[in-house]
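For reference, the structure discussed in these notes is given below.
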Amino acid sequence: MISLSQIISANEQQVAAKVMDGEAILINLTTGAYYSIPSTGGFIWSLVERKLSIDEIVRAVAAHYKVTREQAEADVLRLAEELHAEGLVTMATGVTASGVAPQPIGAPLPYQVPTLEKFTDMAEMFALDPPLPGLANTYQDKRGAGA
Amino acid sequence: MHTSISCVVPVYNGARFIAEALDSILVQSLLPTEIIVVDDGSNDATAEVVKRYAAHVTYVRQDNAGPASARNHGIALASGDFLAFLDADDLWHKDKLARQLTALESNSGAGICISHVQNFWVEELAHERERMRDQPFAQPMPGYVCQCLLARRTMFDSVGKFDETKRVGEDVDWFMRADRAGILKVIVAELLVYRRIHQQNMSYELFHSQKARGDMLDLVISNLHNRRIQQNK
């Protein structure tokens, strides 16, 4: 169960991500599945990349979009659960957030309930090239270099 | 009618394994018409090892430019009606070419054929082999990689060559482009290729690089874009 005080961050070891025109595109490098998080969700992902607490993300969403704090909280928690279930984020407790949420510029934007859409049509193609991150770790470990 | 197959072997510092790779070509039940080794600027003993195969192999050398470039170089030199590729650290089953050629000849509408592939680990990575034993990565699977491909030569005119700007996923990129070009493929669900996992696999080094991740993201974004165009039609 994810709580407001937890720090959420991208699972960088396992995930490649890019935000383009407000839409976040993610690849789980281990499974070869990829994901689209459009609109408000893309903004939330960009906050996840800043290593903030769930509460800070909720506040930033409520400040940037036309949405109540209650709905923002419910939606951010649900999206965080989904991201976590897919191995795309890591959750930490008892640490202080290292990032800072951006300040809103101008009037609040129209809100869209964040969604996580998953695609697996390229998983077979990615199964071999490149190999699993676990193997890369071994390689890195052997060289004594950090990831 | 005589069918000609060219086999292109790109290699970069592959002295340790390339003899095994070439041996696995030379014992094919259906031999290729020619074997072209493209040395991508190796600075190890690759050239000396390949010299032992001079009777069977055409050896060319280029400045280091990556596997996509080396394969394209080989394609440009190849004269066969069909093209196959083997990386210098991997192995073919002895019936690889025969099975795939039969598959393509009995499916005249298909332009490319892929087989199944299984990873195997060098002895130094025995612990990895153990760790991965039950993972999908250790099981036979369809191989969207060049080692598993047999293609009609004309496919490289309609699909184009390998994208030399990509350091990772240049094979996946090519297969995606082939799909988009409407090229039909046959999948031979037999294990015909063995892919060696060792510390020097280039993908290992590149895995953490932003460039490699960016290349994968570009592939996914382009695929997603294409899906949306199809959906809106």
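Please treat every number below as a calculation from the coordinates, not as lab data. Worth saying up front: this structure is predicted, and the values here are computed from it rather than measured. Note: ideal-geometry Cβ built from the backbone for every residue, glycine included; neighbour counts use all protein chains shown.
Before moving on, here are some points about what is shown:
- Anchor residue A:51: lysines whose Cα lies under 17 Å away (excluding residues fewer than 8 positions away in-chain): A:18
- Estimated from helical segments only, the mean residue ellipticity of chain A at 222 nm is -11000 deg cm²/dmol, where each DSSP H run of four or more residues counts as -39500 (n - 2.57).
- Charged neighbours of residue A:37, selected by a Cβ distance under 10 Å, balance to -3 (K, R count +1; D, E count -1).
- Förster radius 35 Å - calculated FRET efficiency between residue A:66 and residue A:123 (Cβ-Cβ, nearest 0.05): 0.40
- Estimated FRET transfer efficiency (residue B:102, residue A:115; beta-carbon r; R0 35 Å; 0.05): 0.15
- Inter-label distance for residue B:230 and residue A:55, nm, one decimal - labels placed 7 Å from Cα along Cα-to-Cβ: 4.6
- Under 5 Å between amide hydrogens, built in the peptide plane, is the criterion, and for residue B:190 it picks out B:116 among residues at least 5 positions away or on other chains.
- Averaging 1/r across all pairs of distinct Cα atoms in region B:49-104 and inverting the result yields a Kirkwood radius of 13.4 Å.
- Exposure proxy ranking for B:187, A:25, A:105, A:37, based on other Cβ atoms within 10 angstrom of each Cβ and starting from the fewest, stands as A:105, B:187, A:25, A:37.
- Distance (nanometres) between label positions extended 7 Å along Cα→Cβ at residue B:211 and residue B:191: 3.5
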